[in-house]
Every structure is written in C-alpha cells, then in structure tokens.
Amino acid sequence: MKQFPYVSRHATRLGHKAPLLAAIVAILLAAGLVSSSLTRTPAVASTSGSTPAYLDSSAPVQARVADLLGRMTLPEKIGQMVQIEQSQVTDTSSNCTSQGGFNLPNPVCEQKIFVNDNVGSILAGGSDVPIDTTGKGGPGNTGEDWANEYNTMQSYAISHSRLHIPVIFGVDAVHGFGHPFQAPLFPQSIGMGATWDPSAAQAGGQVTASALAATGWNWDFAPVQDIARDNRWGRYYETWSEEPALAAAMGAANVAGLQTANTGSPLKVTATVKHFAGYSESINGHDRVQAELPLRYLQDTFLPSYAGAIDAGAGTVMVDSGSVNGIPATASHYLLTTLLRDRMGFKGVVISDYGDVPALATTYHVAADLAGAAALAINAGVDVAMLPFNADQWQTAVQQDVANGSISSNRINQAVSRVLTLKFQLGLFDHPMVDAGKADAAVDSGRDVTLKAAQESITLLRNQKNVLPLSPSAHIVVTGPSADSMTNQLGGWSVAWQGVFGSGHVCCMGPPNQIPPGTTVLKGLQAGDPNVTYAADQQAAVNDATSADAVVVAVGEKAYAEGLGDNPAPALPDDQKALISALEATGKPVIVVVIAGRPLGLGPAENAAGLLMAYQGSTEAGAAVADVIFGKVNPSGKLPVTWPSDAATPGGDFNTGAPSPLGDQPKVFDQLPYTGSGPGSGYNPLYPFAYGLSYTTFATSGLSATSGVSRNGKVTATFTVKNTGGKAGTDIVPLYVHQPVSLVLVPSQRLVGFARVTLDPGQSKTVQVTFPVSELAVTPGDIDGTSPPQVETGAYQVQIGTPATLTADFTIH
Ligand code: BGC
C-alpha cells in the first residue's frame, strides 16, 4: 500500500487530558497567565529604567526595528527566522518534540523553545487544537481556549526572553477561523469564486480577522492564490478560479478584509499569499509533485493571480512546497527574489511551507544536511522556515552557516528586520495580550455574512421545464450521502486538517467529534417546507418518490485536504450514479445537489431535471441550497472554472472513425487536466467557464470601449444590462479581451474584468468595467521567453459572451 507522506503532517494524537488539569488551570489563573480579563502584559518593559526606543509605541516602526536589531545577538536573530509547531510547547514530556497533542503549554518546553532557542513564531497545524482551559468543562477548542493558549505562551515568551520580543502565531484560517468548532465557516474558495463578488471575499476576510485578532492567532495562511487548472489536484477547492483575473480580484479583496478589518481588537492580522509560485500545476495532479512550467505560462498566467493579492498589501508570502522546472521552490532564487521581490515588488516576509527547508536535504537532496538546506533557502529568499520541529537543530545549522560565510550577516539582518517590522505593524509589541473573555463571541460572529456568501455561490446548472423553484408546500423526498452531512459540506481545513472527524471522514485523524453548528441540506429544506421527508437509502427514496412531487438528492465528495484529496478521475462514485439513475427511473423530477470541491464527472446527473452546484458551501450551505430551491434566493453563482463532461466519447480513429480496440472512453479523461479555450484545443466541456442560470433572464447590449490607450493606460468598457424576465435577480457579466493578431499565442478570450448587476424585473442599468491594459501583458520572444511580460501594441477587442455576442474595438499604442 502506498505510504502517504502526509500522515505525520498536522497529525494530532487523541491525547489524554492531564489528570491535574483543573489544578494547573487554577495555578495559571492565579498567576494571571490564563485569564479572561487579561488584556495587557506588563512584561514588555525595560529592566534598566529608561525605555528603549523599540518599546516606544510612538516611535516610527523603522526606528524601532533598527533599535531592536542593534540589541540582538545572533541566536536571537536566528530564532526570529523559525516557526515551530505549538504541540512542541504543549508536549507533556521534557523532550518538547511532540508532533501533536492536546495539552496546556508546558513551562519546561516554553523555557526551551522561547528562551533557549529564541523561537519567534508558533504554528497551529491543521489538526492542532487546545484543550479546555476555561474550567467550564466541555471538549475545549473554543475561541476562549485558543485565546488562553495564546496568552499563556505569549506572556511566557515576553516575560522570560531577554529582549521581551513577542511571538507571532500562525494558523490556516482559509474559509473562516476553522479550528475552533463553533465558528461560522465560509464556502471554500472555489465556491467564493462562484460568487464573482469581491465584496463577499472582503467581508469573509473581515469576519475571519475578527476571530483571529480576538484569539491572538493573527498570522493567517490565506488566501491561496494558486489557480485551478487541474481538478485532479486535491487542493483545487482552496483556489478561487481557473482565471487569473478573477482569482486576483477575489484575493485582493480578501487580503483587504483580513488586514484592514475594524475588529475591535488592537491586534491586526496579516494575510499570506500562497503558494508561490505554480503550486497547483503539478505534472500529474498529485500534490507536491514537480511542476514543469514554461516561463511564458508561469509569467503570463500564474503570476498575475499572486500579484493581485500582493499588490493589495499582503504582509507575507508562503513558498510553493513543490519544485518548478527542476528546482524546489524553497531553493529558487529566481522565484523568491528575481520574480517576487525584484519584479513584483514584494516587501514583506517570505515563509517556507511546512517542513520544506529540511526537505531540501531529506526529500529533494539538493543539500547534504540542514545547514546546507538553510543556506539554500535563506539565500534564495526565505525569511522564516516553517520548520516546524526541533528549533535547536535550526539554531546550530544557521549559526554554522553564518560562521562559515554560507549566509551573510546582512541577509540575516534583512530577514529579521522584515519579521520585526511585521510584528511592530501588527501591534504585537504594544498590545500583545488578548481578552480571552471576548474570544467566543468574536469567533462565533458573522453567520449572516457566511450565509450571504453561500447563497451567492450556488450555481444553477440545469433547470428543465423550470422545475425550480419548488413550492414550499411541495412533497419532497430528500436523500443522498450529502443530504445531512455537515462534514461533507465543510470540506477540509474545518476543525481538523482533512475535515471534521465525523461520518464520511476520509482518514483517521482528528479531534473529538466536534461538528460545527450550521444547517445541512436536509435541515434547510425541512425548515422551509413541512412536507419534506428523508429517505436514508436508495430503496426507501425510490419508494417514497412515487407519492412525492420531487426528489432532492445531495451527492458529491467527502471532506479531504492535501494529498488525500488527489483523484485521477474526479467523478461521482458509482453508487451515487446508481442512486440518481434509480430516482430518475421513477419519472419524478430529480433535483441533484452537488456538494464537492471541484467539477465531477456527473454520469446520469447530466440529465437531471434540476442541477445545482453547491461547492463545499460550509456551515450555512444547507440553508442557502434551500433558499435557492424554494426561490427565496434567485441563484446568481457562475462557474469559476470549466466543467468537463464524462459522457462517453465514441472511441476510434480520429480521421477515419474506425472503432477503437479500447472501446468508448469516458470523456472526462479526455478533458483533464484543464485545456481551456486556447487556440485549437477543440475543448467541448459540459459547462463552460462562467456558466450559471437564473430564475429570470437578462439581456446585455450597447457595448462600447475607450478607443485608444497607451501601454500604461486603462480601458473602460460600458454596456447595459436589462432584466428581461419576471423576477428580481443578479447577473454577472464577464468581460473578455480578444486580440485578433498577437505575436505569441494567447487564449482567444482573456478575462479582464466583470460586472455584477442586481435588477428588478424590467429594470436596466448601464455599467462600466475598467481594467489596466497591463493585464494583457505577455512574455515576448520566440525562443527563451524569459523577458518580463510586455503589452503588445495594436488592435484589440473587448467582448461579452462566449462565443462573443457583443464586441467593441480598441487599440493600444
Ligand atoms: C500546507 C500549507 C499550510 C501549512 C501550515 C502545509 O502542509 O501546504 O498550505 O499553510 O501546511 O498548516
């Protein structure tokens, strides 16, 4: 059996609670280290009488950084360049090497890690959760527990370290703060992409930031700016879209929400643009397998998505865990310095992904040992290694590198300055403690914002004879494996790394069965209609269908994350296809609700009367699905990706049509990975990019555009959208650019912007979409393709519709 390299990642043992926990908590409470009213620590203070400049909150950040840097020893600096998993601090033994566990911070390990090893940053891995620290009983893993764990470690580090430098705590809050079990969670990013609503991504960022700031875990490893080009990859759902312009717009808004939210806490949050660069494009759809990316494809298609979020001011960037063109990204000076810093102008902190600096020696074998690996990574541009184990080895390795000149002191100072700058900017020196008593309320808020995002994400793909919406008094049979599964609708990075440990979990790890509060599809439909019944199996569903008006069958995928979610042929499983076929055979209208992180081969669902894509819409997905099914919400989601078909393609000789000895082939295999609409692709997907129906109809007319523009200029397209149907609704209009003649191959339509227009029946609005022509830059040259992208001069056209139904010419001079 294949050994997964992932099983040790983020693994959290179902550790026991210390029998003397209550006593320990009492001691900590008495010491003021775990307190719901602790808002500041007096620990950040000078021991010499006069306050050093770096502790003067009114001094400019640059001056504070310079002052502090000047006081630091080499080991103190090296400690700022590493992140350690929190489980090592909560290890119950004095080894402090635990790779998972539910415990309180252990003072022996705090001393070792924060004082002896000078560690400057802590990571909560995907399945790490704190235990109950409130003394109220219960399973732990509440917002207050997170805040208490933070306060305990932070106050120890500040009071015991020589210079009282606060630690920065990092966590993957990729669709809301997914660790504490009570938080409302947003649709996974692929569902957010279907909203085409940057304000939803911004609001999501704000809700997440409030939860993070309230608990102190303010280094968020989000957003993912990789683009969705291969749905075999198990992290596809973490991306916004296959199109860089949509991904960039959503990522930029999300960063703004995370970093500028008014959270009510003096601590600010930093976003992380990840995984730089090209992580989503492994050669075979498997996670962390090499990417072979022609530089033209890397520069013109992948970088713009990262650039959107970086230009929005993201404080940190995380490195791609894979290799690109034969060089591990973690060791790539070209990616991390030439492109990211010199060309894209990124000024913040670069962190490696999990374990990737040691992996340069142990997995990639481009270095002999950790010292060699650290030198490669740091010289390439990594400022912080998410090590995440054994900080003493890190100290030894990097000290050795500095002593023998493999890493210069200047480079160390540069990296540490960036880390300190971030810490000052986030308020960690001035307001390091959080009020744990407020954390639960902050973590639990934002459910209305989450519901709105889920509603906007639902994408109506089929509505034969207007079967939808259903009447709220219709007799509906609800069935299918995802009908009543919070686990499935949440997906990965929800309470635990591979998804909340509950029915249908793909793996074996995770904390206790803490299913977050929310609404499943069944509960949502039951709340909207008294005549909804549930059928637990196929036979019951078929029997019940005979007396029903319609059947709603929720199918799709189980929760998954890195590695375990890779799938060579993503499709509905055979038993789900059989269920749908059996229900369709009853002759009753069948509404298929797909709950999945990616487009799946649909089999008989391609012919269902109604077909809704609900993505992994998370805690409020069931309410959102019900709102659309009953017409309370008019669906407006549009696919952020192309949806392949798995209808059988007659096999045979391409030219003669002679039968193939292999027989007919499922088309889904022909259509993977993404082949897009590039010239000559002949791609004929089931549903094209940006597809999605409404309960009303729209007409777009009168497209015009700025006629002439320089290479540094902007084009404004103007057009009118009218609601020509009988219901209020929202239309999303993608705007493409077509370049009739270009010197290098470009897709026949490139997405450059979009409009989102809400209209009453009969109402029309004239809207403008403006885009910088720099979005059209392409890598010039016919051989090496290494030059920076440039905008070609000449004739262009803005287009609406695929194929275009409206066009307007413009020229770039
Ligand atoms: C993932 C990152 C994540 C990190 C920390 C890694 O395995 O690739 O996306 O931020 O773990 O949890």
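The values are calculated or read from the model by the stated rules, or taken from the named source; none is laboratory data. Keep in mind that this is a model prediction, so the values were computed, not measured. Cβ atoms come from the backbone with ideal geometry, glycine included; neighbour counts cover every protein chain shown.
Computed values, structure above
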{"item": "Subset of region 360-382 [within 16 Å of the ligand (Cβ to nearest atom) and either within 22 Å of Ser787 (Cα to Cα) or assigned to a loop (DSSP other than H, G, I, E, B) (or both)]", "result": "Thr363, Tyr364, Val382"}
{"item": "Check on Ser787, on the phi < 0 side of the Ramachandran plot, free of Cβ contacts under 8 Å to residues at least 24 places away in the same chain and surrounded by fewer than 15 Cβ atoms within 10 Å (Cβ to Cβ)", "result": "yes"}
{"item": "Number of positions in region 161-170 that are within 16 Å of the ligand (Cβ to nearest atom) and either surrounded by fewer than 23 Cβ atoms within 10 Å (Cβ to Cβ) or hydrophobic (A, V, I, L, M, F, W, C) (or both)", "result": "2"}
{"item": "Pair list, Cβ under 9 Å, 6 or more apart: region 337-362 residue under 15 Å from Gln299 (Cβ atoms) and in contact (Cβ under 8 Å) with a residue 24 or more places away in the chain, other residue within 16 Å of the ligand (Cβ to nearest atom) and assigned to a strand (DSSP E or B)", "result": "Leu339/Phe276; Leu340/Phe276; Leu340/Val317; Leu340/Val350"}
{"item": "Residue list for region 317-358, filter: under 16 Å from Ile378 (Cβ atoms) and assigned to a strand (DSSP E or B)", "result": "Val317, Met318, Val319, Ile327, Pro328, Val349, Val350, Ile351"}
{"item": "Elements of type strands (runs of 3 or more DSSP E) contained in region 677-768, each with 1 or more residues being under 30 Å from Glu606 (Cβ atoms) and more than 33 Å from the chain's Cα centre (by Cα)", "result": "698-705, 714-723"}
{"item": "Of all residues in region 337-359 being of a type in the set (A, V, I, L, M, F, W, C) and more than 16 Å from the ligand (Cβ to nearest atom), the one that is nearest to Gly313 (Cα to Cα)", "result": "Phe346"}
{"item": "Residue within region 150-160 that is under 16 Å from the mean Cα position of the chain (by Cα) and either within 16 Å of the ligand (Cβ to nearest atom) or surrounded by fewer than 24 Cβ atoms within 10 Å (Cβ to Cβ) (or both) present", "result": "no"}
{"item": "Hits in region 379-416 - residues which are polar (S, T, N, Q) and either surrounded by 19 or more Cβ atoms within 10 Å (Cβ to Cβ) or touching a Lys or Arg at 6+ places or on another chain (Cβ under 6 Å) (or both)", "result": "Gln395"}
{"item": "Unique residue being part of a loop (DSSP other than H, G, I, E, B), away from the ligand (no atom under 16 Å from the Cβ), within 18 Å of the chain's Cα centre (by Cα) and on the phi < 0 side of the Ramachandran plot when the list is Phe177, Phe186", "result": "Phe186"}
{"item": "Yes/no for Pro469 being out of contact with any Phe, Trp or Tyr (no Cβ under 9 Å at 6 or more places or on another chain) and not in a helix (DSSP H, G or I)", "result": "no"}
{"item": "Only one of Ala63, Ala53 that is modelled with pLDDT of 95 or more, closer than 20 Å to Ala415 by Cα and of a type outside the set (Phe, Trp, Tyr)", "result": "Ala63"}
{"item": "Selection count, region 472-506, where residues are assigned to a strand (DSSP E or B), modelled with pLDDT of 95 or more and under 27 Å from Asn567 (Cβ atoms)", "result": "2"}
{"item": "Selection count, region 272-287, where residues are away from the ligand (no atom under 12 Å from the Cβ) and crowded, with 21+ Cβ neighbours inside 10 Å", "result": "5"}
{"item": "Residue, surrounded by the most Cβ atoms within 10 Å (Cβ to Cβ), within region 233-254, restricted to residues that are touching a residue at least 60 places away in the same chain (Cβ under 8 Å) and in a loop (DSSP other than H, G, I, E, B)", "result": "Trp240"}
{"item": "Matching residues in region 769-813 - criterion: being in a loop (DSSP other than H, G, I, E, B) and among the acidic types (Asp, Glu)", "result": "Asp782, Asp784, Glu792"}
{"item": "Residue ID - nearest to Leu460 (Cα to Cα), chosen from residues in region 192-231 that are within 16 Å of the ligand (Cβ to nearest atom) and in a helix (DSSP H, G or I)", "result": "Thr208"}
{"item": "Some residue of region 255-270 being within 16 Å of the ligand (Cβ to nearest atom) and assigned to a helix (DSSP H, G or I)", "result": "yes"}
{"item": "Subset of region 306-331 that is more than 16 Å from the ligand (Cβ to nearest atom) and either crowded, with 20+ Cβ neighbours inside 10 Å or closer than 18 Å to Ala777 by Cα (or both) - its residue that is farthest from the chain's Cα centre (by Cα)", "result": "Ala331"}
{"item": "Residue within region 451-459 that is surrounded by fewer than 24 Cβ atoms within 10 Å (Cβ to Cβ) and part of a strand (DSSP E or B) present", "result": "no"}
{"item": "Pair list, Cβ < 9 Å and 6+ apart or interchain, from region 549-562 residues that are over 13 Å from Arg598 (Cβ atoms) to residues that are acidic (Asp, Glu) and in a loop (DSSP other than H, G, I, E, B)", "result": "Ala554/Asp484; Glu562/Asp287"}
{"item": "Residue check for Leu303: over 23 Å from Val207 (Cβ atoms) and surrounded by 21 or more Cβ atoms within 10 Å (Cβ to Cβ)", "result": "yes"}
{"item": "Hits in region 105-125 (condition: under 16 Å from Glu149 (Cα atoms), more than 16 Å from the ligand (Cβ to nearest atom) and not in a loop (DSSP other than H, G, I, E, B))", "result": "Pro107, Val108, Cys109, Glu110, Gln111, Ile113, Phe114"}
{"item": "Count - residues of region 607-632 that are surrounded by fewer than 24 Cβ atoms within 10 Å (Cβ to Cβ), within 26 Å of the chain's Cα centre (by Cα) and assigned to a loop (DSSP other than H, G, I, E, B)", "result": "0"}
{"item": "Some residue of region 283-292 being modelled with pLDDT under 95, more than 26 Å from Pro780 (Cβ to Cβ) and in contact with a Lys or Arg (Cβ under 7 Å, 6 or more places away or on another chain)", "result": "yes"}
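The rows are residues; the columns are (1) closer than 15 Å to Ser482 by Cβ; (2) modelled with pLDDT of 95 or more; (3) outside any loop (DSSP other than H, G, I, E, B); (4) out of contact with any Ser or Thr (no Cβ under 6 Å at 6 or more places or on another chain).
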| site | (1), (2), (3), (4) |
| --- | --- |
| Ala578 | no, yes, yes, yes |
| Ala582 | no, yes, yes, yes |
| Gly587 | no, yes, no, yes |
| Val593 | yes, yes, yes, yes |
| Arg598 | yes, yes, no, yes |
| Ala605 | yes, yes, yes, yes |
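Here's the yes/no breakdown for (1) part of a loop (DSSP other than H, G, I, E, B); (2) modelled with pLDDT of 95 or more; (3) within 16 Å of the ligand (Cβ to nearest atom):
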residue	(1), (2), (3)
Lys77	no, yes, no
Ser94	yes, no, no
Gly100	yes, no, yes
Asn103	yes, no, no
Ser127	yes, no, yes
